[in-house]
Amino acid sequence: MDLETVRALAGELGQDLLAQAMRTDDAAHAQAAAGVGAAVDPLRATSLLRAANPGADPGLVAAVLTQVRLRRRARPRLGDLAERLLLTEDGLEQATRTVVADLRAARYAAAGATHVADLGCGLGLDSAAFARARLQVTAVERDPVVAALARHNLSALGHADRVEVVEGDVTDPGLLDPVLAAVDAAYADPARRDPARRRDGRSARVADPQAWSPPWSWVEAVAARVPRTAAKVAPGIDHASIPRGGCGTWTSVDGQLVEAELAWPALASHGVRRLAVAVRGDRTDRIGSHLDLADEVPPPVGPVGRWLIEPDDAVIRAGLVGPLAGTFPGRLLDPRVAYITVDQEERRPTPLWTEFRVRRALPYDLRTLRAALVAEEVGHVVVKKRATSLDVDDVRRRLDLPRARGSAVVLLTRIGDDPWALVCDPARTGAGGAPEPVDPS
């Protein structure tokens, strides 16, 4: 995409074509959902849009249809906001989910921030969240095309009065110094993908924080100047990178780990060092610890109980399986495996974990497992695994269960050096009602 295309898409004709194409796309997907197999046809969509607008530039038509495709992909991540945005492939890959951006913005506001520097603002979605939290924002973006998209998006979302988009390189002291002098908070989202390298159709991830753009040392330098600073990072980042006195936060949405963030002390919540946030629907639950991971007391280990707790990935990445086990109380099946087992049913599920009632536990043997499932008249089985090399698709295929009305979940794991199979009732997950369990230990 170039600046001319951005201007064309943002113009009256471009917006009209987008509205037409979105209506056609929504109708096609509705037909597909109703069973019309060939309803979603990109060639037909192109023909319909060109036929309805014979004078439209073919390049603009192609750009419009690309936006339609990107908006559809963006809906699960951005919700209704996607309908008003102009997007790019790489920008969408790194875009913060709306619910996560709003949680972060609320934290900045609660910490007393009034004016945030969004350093490397991309498509402007984090800036929009800060604006929704009634903060002023100076958003900086190096790429002229992306900066133009950010200006359009922020205007389309009604935030142009709160956000100024500055085009330039955030590593240039001539630009950065006056920006930081004017704000009382900063947020950085270093690029962690390399557009020059592709893998499975997407830009390749960059693992080394010093190879991010800007590098991690630059983020630390910003935090030294602006105490209220946080940065979005890769979820697998080393816990040793959590700033002294600061907090690492791992966030999941509907069971999928979507983000990690490191914050400096002025944005840390009550001295919490590690925090897991789990969002499911309209509910958000948290669990945290004041301790560094190396200082946590390991939870006890014991035999399989009546219930099995599968912690959310945010809990696991935050290293909070032990504190979570302590809230039940529970024990691990194996000190190296993130499954918690409990004997009593005294809890209500929350987004922080998924719960299974254990029917039986047996050392893994395919024939024995199949016989147990057949004896219980199980015809439908979901197979999951943790800490084992067994292939769940292969196990499910080889079970080859006869038709029956019952269902079960089989959890394959390792206890000690041996594989085990736990036959369980279908999962119970939390969607609302219980208080937030926050562990202050």
Of the criteria (1) farther than 24 Å from Ala147 by Cβ; (2) more than 32 Å from the chain's Cα centre (by Cα), which one Gln20 fails
(2)
Of the residues in region 172-209, those that are at pLDDT below 95 and more than 25 Å from Val100 (Cα to Cα) come to Ala196, Arg197, Arg198, Arg199, Asp200, Gly201
What are the pairs, 6+ residues apart or on separate chains, where a residue within region 313-334 that is of a type in the set (Phe, Trp, Tyr) has its Cβ under 9 Å from a residue that is part of a loop (DSSP other than H, G, I, E, B) and surrounded by fewer than 24 Cβ atoms within 10 Å (Cβ to Cβ)?
Phe328/Gln344; Phe328/Glu346; Phe328/Arg347
Those residues of region 378-421 which are charged (D, E, K, R) and over 15 Å from Arg367 (Cα atoms) amount to Lys384, Lys385, Arg386, Asp391, Asp393, Arg403, Arg405, Arg414, Asp417, Asp418
Scanning region 1-39 for residues that are under 28 Å from Leu123 (Cα atoms) and β-branched (Val, Ile, Thr), the one modelled with the lowest pLDDT turns out to be Thr24
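Every residue, every condition in (1) under 23 Å from Gln256 (Cα atoms); (2) in a strand (DSSP E or B), yes or no:
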{"position": "Phe356", "(1), (2)": "yes, yes"}
{"position": "Arg359", "(1), (2)": "no, yes"}
{"position": "Arg370", "(1), (2)": "no, no"}
{"position": "Val374", "(1), (2)": "no, no"}
{"position": "Gly379", "(1), (2)": "no, yes"}
Selection within region 259-292 - in a loop (DSSP other than H, G, I, E, B) and farther than 16 Å from Arg107 by Cα:
Gly281, Asp282, His290, Leu291, Asp292
Among (1) closer than 27 Å to Arg228 by Cβ; (2) touching a residue at least 24 places away in the same chain (Cβ under 8 Å); (3) of a type outside the set (Ser, Thr, Tyr), where does Gly158 come up short?
(2)
Take the residues in region 205-218 that are in contact with a Lys or Arg (Cβ under 9 Å, 6 or more places away or on another chain) and outside any helix (DSSP H, G or I); name whichever of them is surrounded by the most Cβ atoms within 10 Å (Cβ to Cβ).
Trp212
Determine whether region 388-395 contains at least one residue that is farther than 26 Å from Ala338 by Cα and surrounded by 13 or more Cβ atoms within 10 Å (Cβ to Cβ).
no
Working carefully through the options Asp25, Asp118, find the one that is touching a residue at least 12 places away in the same chain (Cβ under 8 Å), closer than 30 Å to Ser252 by Cβ, assigned by TED's automatic domain parsing to the domain that holds Arg228 and acidic (Asp, Glu).
Asp118
Name the residue that is surrounded by the fewest Cβ atoms within 10 Å (Cβ to Cβ), counting only residues in region 269-303 that are of a type in the set (Val, Ile, Thr) and under 21 Å from Thr350 (Cα atoms).
Thr284
Before we move on, is Tyr187 among the hydroxyl-bearing types (Ser, Thr, Tyr), in a helix (DSSP H, G or I) and touching a residue at least 24 places away in the same chain (Cβ under 8 Å)?
no
Looking for something farther than 26 Å from Asp184 by Cα, surrounded by fewer than 24 Cβ atoms within 10 Å (Cβ to Cβ) and at pLDDT below 95 - is there at least one such residue anywhere in region 138-145?
no
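Per-residue answers, yes or no, for (1) of a type in the set (A, V, I, L, M); (2) more than 24 Å from Arg306 (Cα to Cα):
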| site | (1), (2) |
| --- | --- |
| Tyr364 | no, no |
| Leu369 | yes, no |
| His380 | no, no |
| Ser389 | no, yes |
| Leu401 | yes, yes |
Counting only residues that are in a loop (DSSP other than H, G, I, E, B) and touching a residue at least 12 places away in the same chain (Cβ under 8 Å), how many does region 219-243 have?
9
Suppose we keep only residues that are assigned to a loop (DSSP other than H, G, I, E, B) and among the polar types (S, T, N, Q) within region 331-354. Which one would you say is surrounded by the fewest Cβ atoms within 10 Å (Cβ to Cβ)?
Gln344
Flagged in region 244-256 as more than 16 Å from Gly288 (Cβ to Cβ) and assigned to a strand (DSSP E or B), in numbering order, are Val253, Gln256
Filter result for Glu89 (surrounded by 15 or more Cβ atoms within 10 Å (Cβ to Cβ) and either of a type in the set (D, E, K, R) or modelled with pLDDT of 90 or more (or both))
yes
Kindly provide the set of residues from region 16-39 that are assigned to a helix (DSSP H, G or I) and surrounded by fewer than 15 Cβ atoms within 10 Å (Cβ to Cβ), ordered by number.
Asp16, Ala19, Arg23, Asp26, Ala27, His29, Ala30, Gln31, Ala32, Ala33
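The values are calculated or read from the model by the stated rules, or taken from the named source; none is laboratory data. Not measured: the values here are computed from a predicted model. Note that each Cβ is placed from the backbone with ideal geometry, even for glycine, and that neighbours are counted across all protein chains shown.
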